[in-house]
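See structure below.
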There are 2 protein chains.
Amino acid sequence: MKSYRGYFIDLDGTMYKGKEKIEGAAEFVESLKRKQLPFLFLTNNSSKTPEQIAEKLNHLGVQALKEEVFTSSLATATFISEQKLKAKVYVIGEEGLREAITQEGHQIVDENADFVVIGIDHEITYEKLAKACLNVRNGAEFLSTNSDIAIPTERGMMPGNGAITSVISVSTGVSPLFIGKPEAVIMKQALHLMGCDEQSALLVGDNYHTDILAGIQAGMDTLMVETGVSSFTDIEEIEKQPTYKYKDLFEVIEDMEKAT
Amino acid sequence: MKSYRGYFIDLDGTMYKGKEKIEGAAEFVESLKRKQLPFLFLTNNSSKTPEQIAEKLNHLGVQALKEEVFTSSLATATFISEQKLKAKVYVIGEEGLREAITQEGHQIVDENADFVVIGIDHEITYEKLAKACLNVRNGAEFLSTNSDIAIPTERGMMPGNGAITSVISVSTGVSPLFIGKPEAVIMKQALHLMGCDEQSALLVGDNYHTDILAGIQAGMDTLMVETGVSSFTDIEEIEKQPTYKYKDLFEVIEDMEKAT
């Protein structure tokens, strides 16, 4: 396995699974640090702030700083700034999204919004969805942090942000621009943040349809592990395969050690 | 205008608009009663019980009994009984739907449901949607009272039940059977209830895409008034036109008087 100038590492299914750590995650990150290989954690999770995510990683034994975490919420807030500074934004979402929007200098409003943004919100209400629809019908640009339709939990597959987003798109007839993996917006920003081009970058993740596809579509090499959502059997029939397939991150570390 | 053996009359946009009566509504119903022409109020509104709707009509000066009101909730409950007696049903919806389900002898459950039913619910929560998804993934048959994507209100177009339903269909990949207008299920039941065949029935309504289409698809004659959602200009380009087009119900009464 060759060495890359930038490693983009997925979180859920790659570093941890819900509240449990994934074996090999801490060792993989340590290995990158020892080799001084630059990396960035890249997550579609819009609900948590980078601080909260770094804290969770540290708690699970993975050394991480908040600056090393890039969320779909940060990508959404940055995307808005690229269109308009100090924008008026109607937000459905949790702390991670609301903080990202306000820290970029935007104002969260109920009416006359320039943008409507939706991220996962476990406190979703009819009134929140109604306000989003009214603002979109009134001309606000419609963004959604990520298109994941289902979230694996111990109870089963729960509705993801992509499913909740459809209330607004179906009701108004306006499709959102999705920001998170596998879309281009988050990938371009992540490459820019790392200061590396796509040919020198590797995307490491477990979910073919979000992580691996994000890397492939961005022109990166990709590495899929089987510790999360997708299995190698699941993707057998798919034409565009990941560059590397490893059962888990221990296998990755082993291969990286051989190469050096 | 010829005389029919059964008149199916829409409510919102035809008899009243939100909380306000529509001129000619009371007179039209009186005229049918005077001529002893059988009629049934037919509504996609799943949230109210027939009693509540009859009360509202009476309050607005339109004489109505609860037996003269047929809702998408009653049609849904009846449809379930046709498949299974004493079914276990997971319900998202308001009083009209919950009462219709239990009065048919079905049991409202949280888990291991035979059917998942969704109707408009202004108290919608993430947890309610999650339970619906889990039950559908677990094999429950998925029904939705109606496919309306937006509801006109004084604040603007609010999300309708068809839009909320999409959370479950997008997340699980399972499409619901819609029961209300313009679908066949409610129309078949309404004809059965009136004991008349489609050739002898007239559908009276304001919304082309729910009311008029329901009638056309069921093989009935249709009468469109311009007092609600659709205008005659809106439907100019559409091939399948209503049998009759009248500005309001006063015009209808006038034409009915001429005919007799």
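The values are calculated or read from the model by the stated rules, or taken from the named source; none is laboratory data. A quick note: this is a predicted structure, and the numbers were derived from the prediction, not measured. Heads up, the Cβs are rebuilt from the backbone with ideal geometry, glycines too, and the neighbour counts pull from every protein chain shown. The accessibility values were calculated without ligands, DNA or RNA, using every heavy atom of the protein model including side chains. Shrake-Rupley method; radii C 1.70, N 1.55, O 1.52, S 1.80 Å.
Let me spell it out: the conditions are (1) within 14 Å of chain A (Cβ to nearest Cβ); (2) surrounded by fewer than 20 Cβ atoms within 10 Å (Cβ to Cβ), and residue B:160 meets all of them except one. Which number is the exception?
(2)
One line per residue, one yes/no per condition, for (1) open to solvent by less than 50 Å² (accessible area, probe 1.4 Å); (2) more than 14 Å from chain A (Cβ to nearest Cβ); (3) not in a loop (DSSP other than H, G, I, E, B):
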| position | (1), (2), (3) |
| --- | --- |
| B:171 | yes, no, yes |
| B:181 | yes, yes, no |
| B:185 | yes, yes, yes |
| B:188 | no, yes, yes |
| B:192 | no, yes, yes |
| B:199 | no, yes, yes |
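Within region A:224-245, which residues are within 28 Å of residue A:192 (Cβ to Cβ) and in contact with a helix residue (DSSP H, G or I) (Cβ under 7 Å, 6 or more places away or on another chain)?
A:224, A:225, A:230, A:240, A:242
Identify, please: which residue in region A:132-141 is touching a residue at least 12 places away in the same chain (Cβ under 8 Å) and surrounded by fewer than 22 Cβ atoms within 10 Å (Cβ to Cβ) and is, among those, nearest to the other protein chains (Cβ to nearest Cβ)?
Restricting to residues being touching a residue at least 12 places away in the same chain (Cβ under 8 Å) and surrounded by fewer than 22 Cβ atoms within 10 Å (Cβ to Cβ), the top hit is A:137.
Taking region A:201-221, which residues are in a loop (DSSP other than H, G, I, E, B) and more than 20 Å from residue A:249 (Cα to Cα)?
A:219
Taking region A:107-130, which residues are touching a Phe, Trp or Tyr at 6+ places or on another chain (Cβ under 6 Å) and buried (at least 20 other Cβ atoms within 10 Å of the Cβ)?
Hits for region A:107-130 are A:113, A:116, A:124.
Looking at this structure, is residue B:30 assigned by TED's automatic domain parsing to the domain that holds residue B:210, open to solvent by 30 Å² or more (accessible area, probe 1.4 Å), modelled with pLDDT under 95 and over 27 Å from residue B:144 (Cβ atoms)?
no
For region B:210-250, name all the residues that are open to solvent by 40 Å² or more (accessible area, probe 1.4 Å), modelled with pLDDT of 95 or more and within 23 Å of residue B:19 (Cα to Cα).
Within region B:210-250, B:226, B:247, B:250 meet the criteria.
Return the residue satisfying two criteria in turn: it lies in region B:130-156 and is out of contact with any helix residue (DSSP H, G or I) (no Cβ under 6 Å at 6 or more places or on another chain) and at pLDDT below 95, and of such residues it is farthest from residue A:175 (Cα to Cα).
Per the criteria, the residue is B:154.
Name the residues in region A:136-159 that are in a loop (DSSP other than H, G, I, E, B) and more than 17 Å from the chain's Cα centre (by Cα), would you?
A:138, A:139, A:140, A:154, A:155
Which of the residues belonging to region A:111-135 are among the charged types (D, E, K, R) and either outside any loop (DSSP other than H, G, I, E, B) or within 24 Å of residue B:161 (Cβ to Cβ) (or both)?
Matches in region A:111-135: A:121, A:123, A:127, A:128, A:131.
Looking only at region B:25-46, count how many residues are of a type in the set (Ser, Thr, Tyr) and more than 20 Å from the chain's Cα centre (by Cα).
Summing the residues that are of a type in the set (Ser, Thr, Tyr) and more than 20 Å from the chain's Cα centre (by Cα) in region B:25-46 gives 1.
Out of all the residues in region B:86-100, which are assigned to a loop (DSSP other than H, G, I, E, B) and either open to solvent by 70 Å² or more (accessible area, probe 1.4 Å) or free of Cβ contacts under 8 Å to residues at least 24 places away in the same chain (or both)?
Once the filter is applied, which keeps residues that are assigned to a loop (DSSP other than H, G, I, E, B) and either open to solvent by 70 Å² or more (accessible area, probe 1.4 Å) or free of Cβ contacts under 8 Å to residues at least 24 places away in the same chain (or both), region B:86-100 yields only B:86.
Under the condition of being β-branched (Val, Ile, Thr) and crowded, with 24+ Cβ neighbours inside 10 Å, which residue from region A:6-27 is nearest to residue A:196 (Cα to Cα)?
Out of the qualifying residues, it is A:9.
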